[in-house]
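Peer 1: The structure is given below, and queries will be raised subsequently.
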Amino acid sequence: MKPTTRGTLTAVVTCVAAAVATPAVAVEGVPVAVPLDGVEKSLNVEMPTVGGTVPVLMPGSPEGPRYVEGRLLPDRTVPQLPLTSDLPSLDLRTPLPHLPGGSSDHLSAATPASDLRALTPGASLDAPLTAPRADSLGLPGTKLPEAGLLTPVLQTAPGAVLGLGPGK
């Protein structure tokens, strides 16, 4: 084996070993910044700064179906899927003109990320047949079909902070 091939093979094996040894870190949100520097420099005006985070939804494991006596299909035929995430955060800071002194005051508004828990809609269905009956030689009887919608759930506690201050 040539020395360059051995060196390349060693580098590849080292990179793979480092990738396997390093645990993956779960990302809760992706930071986003609105670039307004070009507008600020071209107009020679102090522009607002805007930034925040966009959350990443993390699906959970749904509850399994529940078998109920007397029904052919289980309760919660289409299960609800739990989701957890954060609400998007937003940071805004903008200048306010202050006429007497010629300096600028700043207004800031922030909505911090807050926990969000949700359940997707689900369905509960039942067939138009009853369980097998002994009086009819083990054959099922007929009945009206049943269908129900499991409503979605959304739970969070959002908040906001508003501030006024001098300078950048």
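Peer 1: If each residue of separation counts as 0.36 nm, what is the full-extension length gain between residue 37 and residue 144 once their alpha-carbon separation is subtracted? Let's see the in-between values first.
Peer 2: Numbers: separation 107, 0.36 × 107 = 38.52 nm, distance 6.60 nm.
Stretched out fully, the residue 37 to residue 144 stretch lengthens by 31.9 nm.
Peer 1: While we're on this one: If we count every other residue with Cβ under 14 angstrom of residue 124's Cβ, Lys/Arg +1 and Asp/Glu -1, where does the sum land?
Peer 2: Around residue 124, the surrounding residues sum to -1.
Peer 1: Sticking with this one: List the residues of the stretch 54-79 whose backbone N lies under 16 Å from a point placed 7 Å from the Cα of residue 123 along the Cα-to-Cβ direction.
Peer 2: 65, 73-79
Peer 1: At a 1.4 Å probe radius, carbon and sulfur cover how many percent of the accessible area of the stretch 55-151? Walk me through the numbers before you get to the answer.
Peer 2: Working: 4200 of 6360 Å².
Carbon and sulfur atoms account for 66 percent of the accessible area of the stretch 55-151.
The values are calculated or read from the model by the stated rules, or taken from the named source; none is laboratory data. Please read these numbers as outputs of a predicted model, since none were measured by experiment. Here Cβ is always computed from backbone atoms with ideal geometry, including for glycine, and neighbour counts include all displayed protein chains. The protein model used for the area step is the full one, side chains on, heavy atoms only, and it has no ligands, DNA or RNA in it. Shrake-Rupley method; radii C 1.70, N 1.55, O 1.52, S 1.80 Å.
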